[in-house]
1. Can you run phi through the Karplus equation (6.51, -1.76, 1.60; θ = phi - 60°) for segment 143-151 and list ³J(HN,Hα) in whole Hz, with x for Gly and Pro?
2. Over the chain, what percent of the accessible surface lies on carbon and sulfur atoms, probe 1.4 Å?
3. Want the number for Ser150 to Lys129: 0.36 nm per residue separation, take away the alpha-carbon distance, what's left?
4. Could you name the lysines in cross-link range of Lys67, using Cα to Cα under 21 Å and dropping any fewer than eight places away on the same chain?
5. Relative to the Cα centre, what is the charge dipole magnitude of the chain, using +1 at the beta carbon of each Lys and Arg, -1 at the beta carbon of each Asp and Glu, and rounding to the nearest 20 debye?
6. Step through the residues of segment 75-84 one at a time and calculate ³J(HN,Hα) from phi using the Karplus curve (6.51 cos²θ - 1.76 cosθ + 1.60, θ = phi - 60°), rounding each to whole Hz and writing x for Gly and Pro.
7. Could you bin all the Cα-Cα distances of segment 69-155 into 5 Å bins starting at 0 and give me the percent of pairs in each, rounded to whole numbers?
8. Give me the number: length gained by fully extending Ala93 to Asp46, i.e. 0.36 nm times residue separation minus the C-alpha to C-alpha distance, one decimal in nm.
Amino acid sequence: MSGLTHLDAAGAAHMVDVGGKDATRREAVARGRIDMIPEAVRAIRDGSAIKGDVLAVARVAGIMGAKKTSDLIPLCHPLPLTRVAIDLAVDDAGVVATATAATEGKTGVEMEALTAVSVALLTIYDMAKAIDKGMTIRDIQLLTKFGGKSGDWVR
């Protein structure tokens, strides 16, 4: 029909059958950011936010988000993740989150990396909203994907 793998010949959504594919090493990296006022940046950087260590909690939340991706995104396969790493870099305007997800599997980990970034940034928002309710989450995007039948991809 459209060439999209999650649609069958009649255009109905379905989970792709990956049963015949070989398990290979797969990795994906995603990034996003949250912008905030200087007071919120200071509280995160100094560890003085009311709810505690924002970066530590966001890092764990991002990892947990990656592990729960198939529970959140209806057509994603549950994957045995071999690695999820979350890097959180504080700058003068907010925080940049970068997530790396990896597996030895039959399908890619792009959604896991994107979910990890999203959940980490949402956690930062939740933990700092008492200081700045106007924070903006933006630019969530896939940077790279390696492995699998479709090959490597770099933004």
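1. Residue by residue, segment 143-151 yields 9, 8, 8, 10, x, x, 4, 7, x Hz.
2. Ligands and nucleic acids excluded, carbon and sulfur give 57 percent.
3. Full extension from Ser150 to Lys129 adds 3.5 nm.
4. Lys106, Lys145
5. Its charge dipole is roughly 140 debye.
6. 9, 7, 7, x, 10, x, 5, 9, 7, 9
7. Going from the shortest bin to the longest, the percentages are 3, 13, 22, 22, 17, 11, 7, 4, 1, 0.
8. Taking Ala93 through Asp46 to full extension adds about 15.5 nm, to one decimal.
The values are calculated or read from the model by the stated rules, or taken from the named source; none is laboratory data. Please read these numbers as outputs of a predicted model, since none were measured by experiment. Glycine gets a Cβ as well: all are built from the backbone with ideal geometry, and neighbour counts include every protein chain shown. Areas reflect the complete protein model, heavy atoms only, side chains present, ligands, DNA and RNA absent. Shrake-Rupley method; radii C 1.70, N 1.55, O 1.52, S 1.80 Å.
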